[in-house]
Amino acid sequence: MVELAIGSTPKRQIKLSRRRMIQLAISMSALGACDPGGETLQDGIAKWPDDVPVPEVQHAGYGQFPDYFEIGETGPWPKILSSQHKRQLEKLADLILPATETAPAPSEVGIADFFDDWTSAPYPWMSDTRKTVHQGFVWLDKQAQLMFKQNWLELSGSQATQIVEMMQEASRDEGPLIQAAWMYKNLRELTIGAYYTTPEGEADLGHVTAQPITGDYPGPTEDALDHVRDLIVSLDLDWDDLPVGPPPYDRGKPYVFIGDEPK
Amino acid sequence: MTNVVNEDYDVVVVGSGGGGGMAAYRLTSLGVKVCLVEQGPSQDPGEIPMFQRDNEAPLRAVGTPDKNWGYFDNGICGTWLPDQPYTSEEGANFQWYRAQVLGGRTNHYARHSPRMGPYDFIQGDLDGLSPNWPVTYEEMKPYYDATEAVVGISGANTGMYNHPGTPEDILQPAIAPRTYELLMMASARKVGVPAFQRHNAILTRNLGDRLACFYATPCMRGCSIGAAFSSSTSLIPLANKTGKLTILTRAKVCTVETDKDGKATGVTFVDTQTGIEGRIKSRAVVLAASACATAQIMLTSGKNGSKDGIANSSGQVGRNLTDTPAVRVTGKFASLENRPRYDEFGANMDHVYMPWWGYEAQKKGTMDFPRGYHIEVGQGFRDAPDLNAMKQYSDRNGLAFGEGLRDEIRRHWGSFIYLDGRGEMVANDKSYCALDAEVKNKWGYPVLRFSFEWSDYEYNQIAHMQETFSTIIERAGGEVVSGLGAPKDEISKPGGMVHEVGTTRMGTDPDSTVCNAYGQTWDVDNLYVMDGGVLPTNPHKNPTLHIMALAYRNCENLAQRLKQGEI
């Protein structure tokens, strides 16, 4: 049985099995949710709203030789996401990467603007995400209504987490939640990718952003060298003939390749 | 409507990359009046987007149909260029990356600059699977020296026979290896694979007007201070200083024109912005448009659009097309999780490599592939995070979300190392480019149609790489996480390494080669080829340096013949 860690409850970790989750969904829908117009599939899962229209985007793109310096605040193409879409995306993104004491949430570093840019882009490679946003948040509202009689934006943190848990679990198989599973995978991947490409995300990774250096590249810092030297020595590899640090490389013994070589 | 460029040029050079840039520099230095024609736009070095972050670009700078390799892939670049399609035979799936901007692909390349060694010129004698080159290493050595003195090379010499060094007065100091590079060097050496700091066309000391690297911006976008070599910052400015150079950009050369005696009289071109056609007259023509584009121009030229083209009595124009077979094997290192952070960017490109070591074994026939490869070492936390790369760090725990995911990503960041194999393909009959009988480009000229197949030589080499890389990764305590599938599945896509060469190869036999030892076509004595098309073989040593060294040498021949009135 697959055990899932529900992540957004800071004080205690709740473990829910897939079966328990589905049971939960069924009981919630059975408890009170009505089903106007055959909107549910089995197991209390809302039907994916394939009929929700996805806006068409008409724009020539940024071209093959754009101005790299005047990209502009608003970007090359008109933006299509509503403020409601943006808030819905922010809520999901902030569940995926919640803020910590030292790192801001995705909503604080412009994740909504990123998705607006992405889903408004006139390229086929981004159109699947446009579709998943426009139909997916309608589905999320329906699922939230089934389970909690409220829309996605009105859900508490733990309620929203339960739905995202369902989507995460569904991403492991090809069940009735296949579109919701893809929505989870795609928006999660983009949230993470977009977040860590911000300066705040880089800082949270501990990435040391390169700054212009005068003189030779110094190479690894002392603690980084200590770490790799200890590792190399512990693996019974040779440290003394490696070219360490900036030139000149006159420390240790010289390395000469002795092998399958004409003399 | 036709635009005639009426200037009286000695030489038209087609293409401004490594070959064309070097030709323009060398010819103008020797007093020759040159018109350099580039299909892409001009670009002032100050306009190179060096410092922009991915999150300042649309879509976090990821690839799109407009910019296949990402927003900051500088120039009109990609495998898919809407105005200039190409076709492939079924199954060939050839990737034809083009970089159209002043300086061409030298704006983008990895700057890895190993010399060819004595063996690389005599494969005909060693295994008989390719002809010998019409020159030897001894003949080329002074031209490597001269080329490297202009280009600027940093690194360390290996001391190995077939990996010749650079004279100490030319070679600039090597760059300090990163920690993951040190680990891979130590492991490789322990299992009998040589490992050294590699030669890069990246300055660690000032050279002329160009400045030493400041170790902070991606070389693949270009380098406005000229630390990372490119033709546009490092050769064309030198040519400009002679007062002998004219540059024509946004001009796509379509054909080489000839007179009734079959001599080249210049080229025709189309202005890519207006579609207006033009003509440039000259005493000689140098084609350096890149191997396949040069073949395309030659096949399109000739009397009445003859399908055999110009300078093609051998029938070899477009044939012998090779690319570099490659595979990537990635290791995960628990010992590197949460390792100490530092500025690992360095000179952006690899600082170390493992050159081929199995020459004697191949001579003895104990290996099931005839040619060598080298190993490149990548990843760590060298590059800033990019949108597509984050999956590797975030998806290792069942697509988790919520609290804990940040720690997970931080822990894995920098704990992978990949080894990239870069091999040598043996030319075969099934790999070539030819004119497509039906499809035309935007301006009505036939496009190229590619045929391509790897052979068992390449697949066996890939298998050897996989085994070797696994050994190195595991000896260093890592666990291989990808790259060990069947060689047919793991080998790079044809054209994917952007090392396509051989389509107008040089040699000693006019019946089986297109050019002589000076890149002069056998059939048209004032038509020269100075790009990768002339390389008779495609050793694992990245092509750019050899293209430039040959151009350096062959321009002396061309200039002398012009001076003596032979042309």
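Quick note: the coordinates plus some simple rules give every number you see, no bench work behind them. It should be emphasised that the depicted structure is a prediction, and the values quoted were computed from it without experimental measurement. Counting neighbours? That spans all protein chains shown, and the Cβs are built from the backbone with ideal geometry, glycine included.
When every Cα-Cα distance of the stretch B:372-432 is counted in 10 angstrom steps from zero, the calculated P(r) takes the values 18, 35, 21, 16, 9, 2 percent. Could you work out the relative contact order of the stretch B:326-460? I mean the mean sequence separation of Cα pairs under 8 Å and 6+ apart, divided by the number of residues, in percent. Once normalised by length, the contact order is 33 percent.
Hey, if you drop one equal point scatterer on each alpha-carbon of the protein assembly as shown and run the Debye formula without solvent, what base-10 log of I(q)/I(0) do you get at q = 0.04, 0.05, 0.07 Å⁻¹? With no solvent term, the Cα-only Debye profile gives -0.19, -0.30, -0.58.
Taking max minus min of the alpha-carbon positions on each principal axis, the stretch A:216-263 gives extents of 40, 29, 14 Å, largest first. In this structure, B:ASP125 and B:PHE51 have a Cβ-Cβ separation that, at R0 = 41 Å, corresponds to a calculated FRET efficiency of about 0.25. Evaluating 6.51 cos²θ - 1.76 cosθ + 1.60 at θ = phi - 60° for every residue in the stretch B:238-252, the Karplus couplings come out as 5, 5, 4, 5, 6, x, 9, 10, 10, 10, 10, 10, 6, 10, 8 Hz, glycine and proline recorded as x.
Over the protein assembly as shown, dividing the summed -39,500 (n - 2.57) contributions of all DSSP H runs of at least 4 residues by the number of residues returns a 222 nm mean residue ellipticity of -9000 deg cm²/dmol.
With +1 on the Cβ of every Lys and Arg and -1 on the Cβ of every Asp and Glu, and nothing else charged, how large is the dipole of chain B about its Cα centre, in debye rounded to the nearest 20?
Here the size comes out at about 840 debye.
Normalising the average separation of contacting C-alpha pairs (under 8 angstrom, six or more residues apart) by the number of residues puts the relative contact order of the stretch B:1-111 at 27 percent. Residues in the stretch B:447-463 carry Karplus couplings, in order, of 8, 7, 10, 9, 10, 7, 9, 6, 10, 4, 4, 6, 4, 5, 5, 4, 4 Hz; the curve used is 6.51 cos²θ - 1.76 cosθ + 1.60 with θ = phi - 60°, and Gly or Pro positions show x. Sorted fewest first by neighbouring Cβ atoms within 10 angstrom, B:LEU182, B:LEU238 come out as B:LEU238, B:LEU182. Counting every other Cβ atom within 10 Å of each residue's Cβ, B:TYR432, B:TYR9 order from fewest to most as B:TYR9, B:TYR432. For the stretch B:456-508 versus the stretch B:109-184, the spacing of their alpha-carbon centroids is 21 Å. Computed on chain B, with alpha-carbon pairs under 8 angstrom and 6+ residues apart, the relative contact order is 22 percent. In this simple spin-label model, placing a label point 7 Å from the Cα along the Cα-to-Cβ direction at both B:LYS263 and B:THR366 gives a separation of 5.8 nm. Of the GluC sites (Glu not before Pro) found in the stretch B:141-239, those that fall in a DSSP loop while having at most 13 other beta-carbon atoms within 10 Å are B:GLU168.
Work from the charge dipole of the stretch B:378-446 (Cβ charges, +1 for Lys and Arg, -1 for Asp and Glu, about the Cα centre) and give the residue of B:ILE417, B:ALA400, B:ALA434 farthest towards its positive end. Result: B:ALA400.
Since only B:TRP356, B:SER187, B:ASN338 are under comparison, the one whose Cα sits farthest along the positive direction of the charge dipole of chain B, derived from C-beta charges on Lys, Arg, Asp and Glu, is B:ASN338.
Suppose we keep just the DSSP beta bridges with both residues in the protein assembly as shown; what percent of those would be antiparallel, to 5? Close to 70 percent. Scanning residues 5 or more positions from B:THR265 or on other chains, those with amide H under 5 Å from its amide H are B:GLU257, B:THR258, B:ASP259, with H placed 1.01 Å from N in the peptide plane. Above 19 angstrom, tally the Cα pairs of the stretch A:105-263 and express them as a % of all pairs, no decimals. Value for the stretch A:105-263: 72 percent of Cα pairs lie more than 19 Å apart.
A P(r) calculated from all alpha carbon pairs of the stretch B:521-567, with 10 Å bins opening at zero, reads 24, 48, 22, 5 percent. For chain B, the Kirkwood estimate of hydrodynamic radius, built from reciprocal distances between every pair of different alpha carbons, is 24.1 Å. If you wrap the tightest convex hull around every Cα atom of the stretch B:293-359 and split its volume per residue, you get 203 Å³.
With neighbours defined as other Cβ atoms within 10 Å of a residue's Cβ, the residues B:GLU89, A:GLU222 order from fewest to most as A:GLU222, B:GLU89. Return the percentage of antiparallel bridges among DSSP beta bridges fully within chain B, rounded to the nearest 5 %. The antiparallel fraction comes to roughly 65 percent. Per residue, the convex hull spanned by the Cα atoms of the stretch B:242-290 amounts to 99 cubic angstrom.
Projected area of the stretch B:1-142, taken from the Cα convex hull and averaged over every viewing direction, in nm²?
14.3 nm²
Can you compute the charge dipole magnitude of the stretch B:420-567 about its Cα centre, using +1 on each Lys and Arg Cβ and -1 on each Asp and Glu Cβ, nothing else charged? Give it in debye, rounded to the nearest 20.
For the stretch B:420-567, the charge dipole is close to 500 debye.
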